[in-house]
1. Quick one: putting +1 on the C-beta of Lys and Arg, -1 on the C-beta of Asp and Glu, what dipole do you get for region 2-178 around its Cα centre, in Debye to the nearest 20?
2. Ignoring any ligand, DNA or RNA, what whole percent of the accessible area of the chain comes from carbon and sulfur when the probe is 1.4 angstrom?
3. For region 76-188, calculate the relative contact order in percent as a whole number, restricting contacts to Cα pairs under 8 Å that are 6 or more residues apart.
4. For q = 0.07 Å⁻¹, what log10 I(q)/I(0) does the chain give under the Debye formula with an equal point scatterer on each alpha carbon and no solvent?
5. Post the alpha-carbon centroid distance, region 103-142 to region 199-272, in whole angstrom.
6. Report relative contact order for the chain in percent, whole number only (criteria: Cα-Cα under 8 Å, sequence separation at least 6).
7. Could you tell me the ratio Rg/Rh of region 32-130? Both radii from Cα atoms, Rh via Kirkwood.
8. Which of rounded, prolate or oblate describes region 2-178 when judged by the alpha-carbon gyration tensor and an a/c cut-off of 1.5?
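The values are calculated or read from the model by the stated rules, or taken from the named source; none is laboratory data. Just so you know, these numbers come straight off a predicted model, no measurement behind them. Every residue, glycine among them, receives a Cβ derived from its backbone with ideal geometry; neighbour counts consider all protein chains shown. To get the accessible areas, we keep the full protein, side chains included, count just its heavy atoms, and leave off ligands, DNA and RNA. Shrake-Rupley method; radii C 1.70, N 1.55, O 1.52, S 1.80 Å.
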Amino acid sequence: MDGSFQQVSSRSMASKTQVGFIGLGNMGNPMAKNLLKHGYPVIATDVFPESCKELQELGAQIVDNPAEVADKADRIVTMLPSSPNVIDVYTGANGILKKVKKGSLLIDSSTIDPAVSKEMALAVEKMGAVFMDAPVSGGVGAATSGKLTFMVGGVEEEFTAAQELLSCMGANVVYCGAVGTGQAAKICNNMLLAIGMIGTSETMNLGIRLGLDPKLLAKILNMSSGRCWSSDTYNPVPGVMEGVPSGNNYQGGFGTQLMAKDLGLAQATATNTKTPVPLGSLAHQIYRMMCARGYAGKDFSSVFMFLREDEKEEGQ
C-alpha cells in the first residue's frame, strides 16, 4: 500500500512531465492541444498519421504506436472510438501493455462497455500499473474550450493524480466509484439525452403542424414543465436557436452514428442487468434507422428532420 501512495505523490509532484495521448480524432485532438496549452510535453500517436500533423506542428512528439508512447510516458490518456479499438490499443501487438512502466497511470476517455473497462483494468493491474475510465460529456465544443465533464471510475487513491491531468481538459471532473462506473454514468446520461431529443423533436414537429411558430413554442416549453436541455440549449428545429447544429444543416456536434453506438452500449448493459429500458430501446432503433437512411454523419438532433421525412413519405 505504501508503495502505491508513493507513486501517487511522485506523480502529482512531477507535474509538467511528459503525457502520452493516443487517439487524435474529433475529441482527442482538441483535448491533447489543451494539455500542450497547460505546459505538458505531449507524446502522441494515432492509427491515421495525418491526424498527428497539427499536433506535431504545435510541438507534440509523434511516435508510431501505443507501445512507444508507453515507453516514453508514465501518464497516458486514450480517446478511441469503440471497445475493440481500446482492447487493441492496450493489449494488441504494439499495445500499451507491451512497454508500460510499473506505476504508470492510464486514463481511458473513450465511451465503451463498462465490462471492457473492467477487463482492461485487470490487465493493466497485472503489469503493476493503474487504469481509470474517464469518459466525457460536452462534445467537440467543450473539448476545444477545455470545458468537458469527466466521469471517472477507478481506485479512489488515484483520483487526485488523474484529476490533475483531466482538469486541464475539463471544467468538471467527477469521481463515480470503482472502474466501470464512469462508463455507466456516461451511458445513462446519453440514453436520457437521446430520449429527450426525440421527445423534443416530436413535440416541436407536432406544434408546427398545429400552426404554432417554432420559436414561440420553444419559448413556451422552456418556461413550462416540458423544458429540457434539448429544448432550451440544443433545439433541433432549424432557425430556433443560433450556434447549434440545427442552425448549420446539422453539421458538427455529436454524430447520429455515435449516439447509435452509445445507445447500443446502454441496450447491452440493460440486457446484462435485466433492466427494462423500453424508451431507451426504441431510441436505439430510431438512431439505427437514421444511420441506415443517410443521417449517420449528421448531428443527433437531426432526428427532427428524420421525423419530417417520414411524414413526407406518407404523403401528408
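1. Details: 14 positive and 19 negative charges, 70 e Å.
Using only the charged Cβ atoms, the result is roughly 340 debye.
2. On the way: 8230 of 14640 Å².
Carbon with sulfur: 56 percent of the solvent-accessible area.
3. Values: 224 pairs, mean separation 27.7, N = 113.
Relative contact order of region 76-188: 25 percent.
4. -0.30
5. Answer, in whole Å: 30.
6. Taking the mean separation of contacting Cα pairs over the length of the chain, I get 12 percent.
7. Details: Rg = 13.0 Å, Rh = 13.7 Å.
Across region 32-130, the Cα-based Rg/Rh ratio is 0.95.
8. Numbers: a/c = 1.24, a/b = 1.14, b/c = 1.09.
Rounded shape, in that the Cα axes give a/c under 1.5.
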